[in-house]
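Read through the structure below, which is laid out as structure tokens, and then see the notes.
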Amino acid sequence: MEDSGQRDSRTRFAQTSVLADAACAAQLRQEFSVWLKRYFALDPTKVSDVVLAVNEALANAAEFAYSAVERPGAMHLLADYDTHAEVLTVTVSDEGAWRIADGEKKNISRGRGIPLMQALADSTSIDSSPAGTRVRMEWNHVDATENATTDASAH
Amino acid sequence: MEGAAPNSCAIEERRIDSISVVAVAGVVDMLTAPDVEKAIAEAAKSSPSAVVVDMTEVEFLASAGMGVLISAQDELAPAIKLAVVADGPATSRPLKLVGVTDVVDLYATLDEALTALTS
């Protein structure tokens, strides 16, 4: 409760209690992407990888977490950067119930979100419980350069 | 593209001889993927020999957009060939990573795609 809204610094990006729908997922992805480019000096491939992986976690929350209930609930995005270890950890969580392990309704056009997250992040873990789902992704060797601020604004 | 919303997507279709080219620009995510799906279905109605989805100007491609390519391939084959043009960290890289390119033909440029499809 003390943590609703946004906090934004070089070591932390936090947006909690965002409505878990497609439009908010797109908006949140955009804001996260701005934060990433502002504080980190990453090559375009790494930026793409991180933003896409985060998008897929948000998209799953928006699409699946509250599909069994009438109105979508909340999702949360937290990014923490460990300056010493140079590790970026991103956690996307919700209080819903994913229904994606539903083998019967397997559709060829679906189901690439989790393989994408696993391919794009250095490590990925997904914890599901009756209380909700938490996706945690880590990237190693993430270089945060003070100059990144000027570089990003030059584009 | 100035003034365009950061999360929007622009789609244009044109015909080059017997090939229909669906040019997509901007963001292809769960919000805009249905528009791309409709545009491909519309392009296929005029019975082209092939539909080329040109993603050269796509800056963000989510799995929702990849799913559209896979289901289009499934629906159009074998009568109509489907090809995708993409080259970059935000497009061709994830398409290769999850194996979409095992199913859908990928070309780096529109010229390469047109050459391959007309030969």
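Here, each number is a calculation from the coordinates, and none is a lab measurement. Remember, it's a predicted structure, so these values are computed and weren't measured experimentally. Here the Cβ is made from the backbone with ideal geometry for all residues, glycine too, and neighbour counts use every protein chain on show.
Annotations for the structure displayed:
- Inverse mean reciprocal Cα-Cα distance (Kirkwood Rh) of the protein assembly as shown, Å: 19.6
- Across peptide B:89-102, the mean count of Cβ atoms from other chains lying within 10 Å of each residue's own Cβ comes to 4.
- Remark: C-alpha extents of chain B on the principal axes read 37, 28, 24 Å, sorted largest to smallest.
- Per-residue HN-Hα couplings for region B:24-38 [Karplus 6.51, -1.76, 1.60; θ = phi - 60°; Hz; x = Gly/Pro]: 10, 10, x, 10, 10, 10, 5, 7, 9, 4, x, 5, 5, 4, 4
- Rel. contact order, % - alpha carbon contacts under 8 angstrom, at least six apart, chain B: 22
- With one equal scatterer per alpha carbon and no solvent term, the Debye-computed log10 I(q)/I(0) for region A:1-80 at 0.25 1/Å reads -1.21.
- Rg and Dmax, both from the Cα atoms of region B:55-119 and both in Å, are 11.4, 32.
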